[in-house]
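Novice: Right, I'll just put the structure down here and ask away after.
The values are calculated or read from the model by the stated rules, or taken from the named source; none is laboratory data. Source: prediction; values computed, not measured. Here the Cβ positions follow ideal geometry from the backbone for every residue, glycine too, while neighbour counts run over all protein chains shown.
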């Protein structure tokens, strides 16, 4: 069904109330092993990336666009990292 989103995508597990990235090179989204996150139904989301030493928070109310907006936000944040 269009617009659906699996809670546990490949490369992630679940623990202590959050999705946790367990494996490198498996998930299609940028991130580091140990990254943890969660999102709300209307589109809010956050994640913490201990390896990169930052956290991000997106506060939106867009239930029908949440998957696309979260993906775009995550891609933009990781693209802005300049190592």
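Novice: Being surrounded by 14 or more Cβ atoms within 10 Å (Cβ to Cβ) and in contact with a helix residue (DSSP H, G or I) (Cβ under 8 Å, 6 or more places away or on another chain), is that true of even one residue in region 19-30? First the steps, then the outcome.
Specialist: Of region 19-30, the ones surrounded by 14 or more Cβ atoms within 10 Å (Cβ to Cβ) are 19-22, 27, 29-30.
Okay, now just the ones that are also in contact with a helix residue (DSSP H, G or I) (Cβ under 8 Å, 6 or more places away or on another chain), so 29-30.
So far as region 19-30 goes, yes, one or more of its residues are surrounded by 14 or more Cβ atoms within 10 Å (Cβ to Cβ) and in contact with a helix residue (DSSP H, G or I) (Cβ under 8 Å, 6 or more places away or on another chain).
Novice: Here's a follow-up. Scan region 26-44 residue by residue and report those that are more than 9 Å from the chain's Cα centre (by Cα), closer than 23 Å to residue 81 by Cα and at pLDDT 90 or above. Explain how you work it out, then say what you get.
Specialist: Going through region 26-44, the residues more than 9 Å from the chain's Cα centre (by Cα) turn out to be 26-28, 32-34, 40-44.
So of that shortlist, the ones also closer than 23 Å to residue 81 by Cα come out as 26-28, 32-34, 44.
Answer for region 26-44, where residues must be more than 9 Å from the chain's Cα centre (by Cα), closer than 23 Å to residue 81 by Cα and at pLDDT 90 or above: 26, 32, 33, 34, 44.
Novice: What number of residues within region 32-76 are over 19 Å from residue 13 (Cα atoms) and assigned to a loop (DSSP other than H, G, I, E, B)?
Specialist: Within region 32-76, residues that are over 19 Å from residue 13 (Cα atoms) and assigned to a loop (DSSP other than H, G, I, E, B) number 13.
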